[in-house]
Each structure stands twice: as structure tokens, then as C-alpha cells.
Amino acid sequence: TLSALRLLSASPRVMQPPASAAASDPSLRAPSPVPHSPLRAAGAALYYIAASVLLTLSNKSLLAWYAFPFPLILLLAQMATTLGVLTVLFAVGLAAPPPVDPDNYNNVLGSGGRVAVVVRALGPLAAAYVATLSTSLLAMRLTSLLLYNTLRRTSILFVLALELRLGDGRDAAPSRSAVAAVLVVLAGALATARFDAAAAPAAYGFALSANLSGAAYLWLIRRAARDPPTGGWRSHQILFAVTALAAPGVAAVAAAAAPPGAGYVAGLRAWWTIAAERGAGAGVGVAVAMSVTLASVVTHATYVNTGTNSPLTQAVSAQMKDVVLLVVSATGVMEGFGAAAPSARAVVSGVVCALGGGAYAAVKLREAGERRRLEGGGGVPGKGDAQVS
């Protein structure tokens, strides 16, 4: 994190118009959200779905075959990988670092150095990420996995409510057709719901808090991709800065959740000894590296999909990922990971979700096409398409 903040403080200055100039000259104002092409919008959603499906399969292999005991260690490794890889890409010129210039951003955020600018601009986004992680862990500790998954499936409802209340950045609120499709997806997701009347009320509170903070996290990603002062940043630049800001919070959560005694070190040694005795040493290394790498890709895909489309589209894409995994399970592939074949109820749930997701995709693609026709055709370079990558 310190290295990342040091890099931010040394990143090249990129001139941006001061607020007074933007107020007098409309051409200098923050770009309006020109819709992306339907192909790019669909590609962003498919990018997330494909990456998250691969990550789920990789994590299942790590848990089922190798019984890896510390998912928070994987998360910290993923964040370190994200920061390390992007730092190298910045150094060799294959990717542009975040363009931070306090002289030009101070008119939006107040005075301060470059790191202070980043903290004020993206600190709420990093805080929402840490809040989602911590409340999710607390909910899982207080209830069963089945109830936790049921409560988390309602997260799409929180994203929908937030978009209806706050809007999508400067975009219009979701249309009635999109809302109807989302409700179908929600109905499918809850078709396999399992509630537990004996669960502690705090478990419901923490799970619903995780849904709320998760919805805020997606909405803040969208705002960061669209609004000043980071509206001109690409997805990997926002991801880099947010990861650097969130890493200390995630490390604190991991420290608080460490097993008693010697903590993670003793636990990892014991796990590695057992894996080596089973002759799985090389396989473990590959599985861990794959999970960490795919987790970094999925995080980037989340930023791309949310920035290109919307928080609601990201939430729907997450549900469609579960549909794809259901189809994979039906082929028997998941049995190798210790998972049973899907039940009839799960199949019905998947079909309903797929119908809702298909309807939602059709609505959004139609709306995107209509907006582009009203704009007179393709997007304007430097306004919409240049904001994400």
C-alpha cells in the first residue's frame, strides 16, 4: 500500500480544466454519459460472467481438493497481486498510472497533496468495500451458509432501490421494463431460499448491511467512473487507487479474524504439511496462483462492467453467473469438486433467473440502441468509451 501511494504521489500530472473555466465553457465540463455500443456493453457483462465462473471453479477446487482454510489470505494475496502487476505495468509503460494533479483537482476536492486528493475522491469507495467484507464475515459467523446465501441473494434488490432513489450517476433511473426484469431475476434467486427462524437477529442485520454496503460499493464505482474528479480515469486506474486505500482495512479485518494462538502462520504451515504428505504440493501452488490471479481479473471485470453499464447490470450479471454454474453442474463437472447434482428446485430457480436476465439484457440493449440513435450514432471519443478499460 505504501508503495502504491508513493507511486500515486509521483504519477505524471495531467492537466484538467479548473471549475471556473468549465462553468463558462460547456466544452470543458465533465463528459456526459454517452452510451457505449451494445457490443461493448454486452462484452463487459460477458467478461465479468466468464471470469467469475472460472474463479468459482478455481476456488471450489482449492477448497474441495486441497481444503485451503484461510480465504482472507487469498484476498490479501489478490490485492497484493493487483497492486504489484499494475505497478510493473506502469513502470514499463504498458499502462497509464492514475493522472493525479492536486493543482487541478483542488477546485473539486479542496486543498492537499496528490495522496490526499485520491483519499478524498475514492476513500468512500474503499470504505464501502471494507464494510461489505467485514459485515459479510460477521453474518457468516452468526448463521448457516444456506441462510447467508439466501440473504445475500437479495442484494440485487438493494442495488435496484439505490438506483431508483439516487439514479445512476447522471443517467436516468432504470425503466419500468428493466425493473420488471430484475424482479423476475430476484424471484428466481429466491426460489431456493432457506430461512432459519432460529438464527440470531444480528445475523440478518449483518447480512442485510452487507447487501446495503455492497450496493453502495457498486454505485460508488459507477460514480467514480463517470463523475469528477476521477471521471476521466480508466477502470484499472480506479482499481489501483481503491485497492491501495482498502488494503490496510482488509488487513485489519484479516488480523481480527485470525485463528487464536499462532494465527495464520501456524495454520498455513499445518495445512501445507498435510498437502505435501498427500503429494499435492505442486498442485496446491498452481491452484493458489490461479485463484489469486482470477480474483484480480474478476475485480477488474467488476469495475469494467459497472463503469461501462451500471450497478444494476453488474448485479444481474452476478446472478447470471450462478445460472452458468448451474448449467455446468448439470453436466456433472461440479461432482469432481464434491458438489451434488442440482435439484429440481434449483433448476426451476435457474430457468426463472435466466428468463429474467435475458429480458433485462434485451431491454438494456434496446435502450442503448435508442440512446445512441438519439445521439446521432457512435459515441464521441474521449467521452464515454475512453473512461473504462
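Scan the range 43-102 for residues that are without any contact (Cβ under 8 Å) to a residue 40 or more places away in the chain, open to solvent by less than 50 Å² (accessible area, probe 1.4 Å) and among the small types (Gly, Ala, Ser) and report the count.
Qualifying residue count for the region: 2.
Kindly establish whether SER310 is farther than 30 Å from VAL363 by Cα and buried (at least 20 other Cβ atoms within 10 Å of the Cβ).
no
Could you grab me the full set of residues in the range 218-231 that are assigned to a helix (DSSP H, G or I) and open to solvent by less than 30 Å² (accessible area, probe 1.4 Å)?
Within the range 218-231, LEU218, LEU220, ILE221, ARG222, ALA224, ALA225, ARG226 qualify.
Out of all the residues in the range 51-97, which are assigned to a helix (DSSP H, G or I) and within 14 Å of LEU268 (Cβ to Cβ)?
LEU62, PRO71, LEU72, ILE73, LEU74, LEU76, ALA77 - these are the residues of the range 51-97 that are assigned to a helix (DSSP H, G or I) and within 14 Å of LEU268 (Cβ to Cβ).
Taking the range 189-201, which residues are at pLDDT 80 or above and surrounded by fewer than 23 Cβ atoms within 10 Å (Cβ to Cβ)?
LEU190
Every residue in the range 233-263 that is open to solvent by 50 Å² or more (accessible area, probe 1.4 Å) and not in a helix (DSSP H, G or I), please.
Across the range 233-263, the qualifying residues are ARG234, PRO260, GLY261, ALA262.
Does at least one position in the range 264-286 carry a residue that is in a helix (DSSP H, G or I), touching a Ser or Thr at 6+ places or on another chain (Cβ under 6 Å) and open to solvent by 20 Å² or more (accessible area, probe 1.4 Å)?
So far as the range 264-286 goes, no, none of its residues is in a helix (DSSP H, G or I), touching a Ser or Thr at 6+ places or on another chain (Cβ under 6 Å) and open to solvent by 20 Å² or more (accessible area, probe 1.4 Å).
The values are calculated or read from the model by the stated rules, or taken from the named source; none is laboratory data. Only a predicted model underlies this, so the values are computations on that prediction, with no experimental measurement involved. Glycine also receives a Cβ, built like all others from the backbone with ideal geometry; neighbour counts cover every protein chain displayed. Surface areas here come from the heavy atoms of the whole protein model, side chains and all, with no ligands, DNA or RNA. Shrake-Rupley method; radii C 1.70, N 1.55, O 1.52, S 1.80 Å.
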